[in-house]
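Chemist: One structure follows; several queries about it will come next.
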Amino acid sequence: MKYSDSYIKMDMQKIYCDDYVSKIESKSTILVTGCNGMIATYLIYFFLFLNDEHKKNIHVIGMTRSPNKTMKKYQDIIDRKDFTIIEHDVNNVFDIDIDIDYIFHFASNADPKNILERPVDIIRANTLGLMNVLEYAKEKKIKKIIFPSTREVYGKMSENYEEVHEYDLGVLNQLETRACYPESKKMAECILNSYYLQYQVPYAIFRIAHSYGPGMPIEKDGRIMSDLVGNVVRGEDILLNSDGSAIRGFIYLTDMISGMLYGTFIGLDAEVYNLANEKENLSILELAKMLVSLQPNKELKVTYKKISEKEKEGYTKFKRVRLNMNKLEKLGWSPQVSLIDGLKTTIKSYES
């Protein structure tokens, strides 16, 4: 995936909106941690797009603990003067002396394999790593830190809930195998709010549900969209771990990022937003059949398999409840990309 790819340019146009772009100050410096990830990559591309197409003169800094991997990933833009890569592990105290305006903190992990095998690493990045970022933000007096949380922080809701607002509370079992992820995200939200109350460090939190798009991992990731897209791209029959009856709603990458930018640059400080696409809810089986239909020449089939009890522990067990999107929608945001169009672009990105 390169910045110059035609579908990237089209996706950057989808993200663009005068409502929030007009509020992004020219000559801002923006730090993106975990810059090898799907969301981080598109954010970096979008800010460079603003420089190229709208003369914003933003300086983008990508933070990574794997510089060789990052240099290869961004090889087509590595020589740009408005883009800098720095090597640093967020779990260590920051020793960089750069004035930053905004920090998009994406140095974290959410795939079921790492949840099973590296739970301490996930907790460390979401707590200690975040506190190192916040200490730096406090010192540099940044304008806002942006943090991706998860719908899983709501936990298990009572049966009478049909949709969840940002102020609703559910129950989490801290001793479940998967708890390292939602519990550490929940603690991260508390840490952010505590730094705001004590040190006035501004933040915006986004509770994201089922995002997908170019750049997501498709090799043994464990998340449903990643695995199914991976099957189709490789020309493999889709193997479902269940009967496929579970309902999901998926948000394409450009809609997710535009939602973040609405909340960051139009919303107030210290706000939390649900961020999802609840317009096209469908079953996992329907999703699998849709993906197969996009590649008719491959003659793929949808089949089923059983997974072990150990593997099941890496997945959430809660009944799905819709996220209420009123808070972001009142700022002017709404998802624009249909599931079928988002899937087409995602598959195209890997085939190219």
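The values are calculated or read from the model by the stated rules, or taken from the named source; none is laboratory data. Since the structure is predicted, the reported quantities are computational estimates derived from the model, not experimental observations. Cβ coordinates were reconstructed from backbone atoms using ideal geometry, including for glycine residues, and neighbour counts include every protein chain displayed.
Chemist: Yes or no: segment 247-255 includes at least one residue that is part of a loop (DSSP other than H, G, I, E, B) and either under 20 Å from Thr150 (Cα atoms) or free of Cβ contacts under 8 Å to residues at least 24 places away in the same chain (or both). Walk me through it before giving the result.
Modeler: If we filter segment 247-255 for residues that are part of a loop (DSSP other than H, G, I, E, B), which is where we start, we get 249-250.
Still in the running and either under 20 Å from Thr150 (Cα atoms) or free of Cβ contacts under 8 Å to residues at least 24 places away in the same chain (or both): 249-250.
Yes: one or more hits.
Chemist: Here's another thing I want to ask about it. Out of the residues in segment 59-85 meeting the condition of being surrounded by 15 or more Cβ atoms within 10 Å (Cβ to Cβ) and β-branched (Val, Ile, Thr), tell me which one is nearest to Ile122 (Cα to Cα).
Modeler: So the residue we want is Thr64.
Chemist: Considering only segment 299-336, how many residues are more than 18 Å from Ala276 (Cβ to Cβ), at pLDDT 90 or above and surrounded by 15 or more Cβ atoms within 10 Å (Cβ to Cβ)?
Modeler: So the count comes out to 2.
Chemist: For segment 112-138, how many residues are among the acidic types (Asp, Glu) and either modelled with pLDDT of 95 or more or closer than 15 Å to Glu183 by Cα (or both)?
Modeler: Step one: of segment 112-138, the residues among the acidic types (Asp, Glu) are 117, 121, 135.
From the residues that got through so far, the ones that are either modelled with pLDDT of 95 or more or closer than 15 Å to Glu183 by Cα (or both) too are 121, 135.
The total comes to 2.
Chemist: Additional query: Of the residues Ala288, Ala188, Ala204, only one is in a strand (DSSP E or B) and either closer than 30 Å to Lys143 by Cβ or touching a residue at least 24 places away in the same chain (Cβ under 8 Å) (or both); which? Spell out the reasoning first.
Modeler: Values: Ala288 fails: in a strand (DSSP E or B); Ala188 fails: in a strand (DSSP E or B).
Unique residue meeting the criteria: Ala204.
Chemist: Just the residues that are in a loop (DSSP other than H, G, I, E, B), in contact with a strand residue (DSSP E or B) (Cβ under 9 Å, 6 or more places away or on another chain) and either over 15 Å from Ser334 (Cα atoms) or charged (D, E, K, R) (or both), please, taken from segment 269-280.
Modeler: Step one: list which residues in segment 269-280 are in a loop (DSSP other than H, G, I, E, B), which gives 269-270, 276-280.
Next cut, in contact with a strand residue (DSSP E or B) (Cβ under 9 Å, 6 or more places away or on another chain) only: 269-270, 276-278.
Within segment 269-280, Asp269, Ala270, Glu278 meet the criteria.
Chemist: Can you tell me which condition Ser258 does not meet? The list is (1) in a helix (DSSP H, G or I); (2) in contact with a Ser or Thr (Cβ under 8 Å, 6 or more places away or on another chain), and all the others hold.
Modeler: Condition (2) is where Ser258 drops out.
Chemist: Same structure, new question: So which residues in segment 12-46 are under 20 Å from Ile218 (Cα atoms), in a helix (DSSP H, G or I) and in contact with a Ser or Thr (Cβ under 9 Å, 6 or more places away or on another chain)?
Modeler: Scanning segment 12-46 gives Met38, Ile39, Ala40, Tyr42.
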